[in-house]
Structures are given as C-alpha cells and as structure tokens.
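Step one of this worksheet: look at the structure below.
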Amino acid sequence: MRTYAFLPSPYWIIRDGDDDRITRLKFHITEGDYFPFLATIIGMLGDTVARCEGAEEGSLQIEFVEAVKKDLLYLHEHYDITPRKERLAFTREKVMRFGDKYERS
C-alpha cells in the first residue's frame, strides 16, 4: 500500500511508477501533442511562479516561461518526434547535473 503526502498546490500529479510515465509519454508522442502537453505543464509552472510572494510582472522567469511555451508551440507546428534507430552514446545518468540529490529513473 502506498501513502501520499500532498503539498499545498493548485496542480497535483500523482505517479506510481516510471512505467505509467513512459506509457503516458509515448501516448502524447503518438498522438502528436507532446509539445503542447509540455507547453501546458510549463504554463502551469509559470502560473505558480507568478503567484509566488515577491513575483514581479515581467520578471525574467515569467518571460522565460512564455518564450519556452512559444518555442514548444513552434516545434509542434513544424516538427515530429521520431524514435531513434539506436540509443545515443550518452545517457541521462552521464549528463545529470544535480548529482545524487535527485532520483535517477
């Protein structure tokens, strides 16, 4: 049995494992809406930043969020994601910048 502790947030994403995450990821790629899906998530994060105490209208973080959303929608209009024939020589573990502080999946 799993126990969840919810932090105060207007957005909740509950995930029990990586298999569900990868299945959801593949679904969005197959449906062709992965870039808008990411833009939506980035937008939600930007909304959270905007509501933080001390957040200023037009701050660099908020401007960056808007720029990334525009980039993702541009990618959606002009590109498709296709699987690689072979895996890249480097892996996520080799390029992790945060060390062991974050769980590697």
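Do you know which of the residues in the range 45-65 that are acidic (Asp, Glu) and not in a helix (DSSP H, G or I) is surrounded by the most Cβ atoms within 10 Å (Cβ to Cβ)?
Only one residue tops the list, namely 56.
Take residue 24 and decide whether it is modelled with pLDDT of 85 or more and surrounded by fewer than 14 Cβ atoms within 10 Å (Cβ to Cβ).
When the stated conditions are applied, residue 24 passes them.
Given the condition surrounded by 10 or more Cβ atoms within 10 Å (Cβ to Cβ) and modelled with pLDDT under 90, answer yes or no: does some residue in the range 66-80 qualify?
no
The values are calculated or read from the model by the stated rules, or taken from the named source; none is laboratory data. Just so we're clear, the structure is a prediction, and the values are computed from it rather than from any experiment. Because the Cβ atoms are built from the backbone with ideal geometry, glycine has one as well, and the counts that use them run over all protein chains shown.
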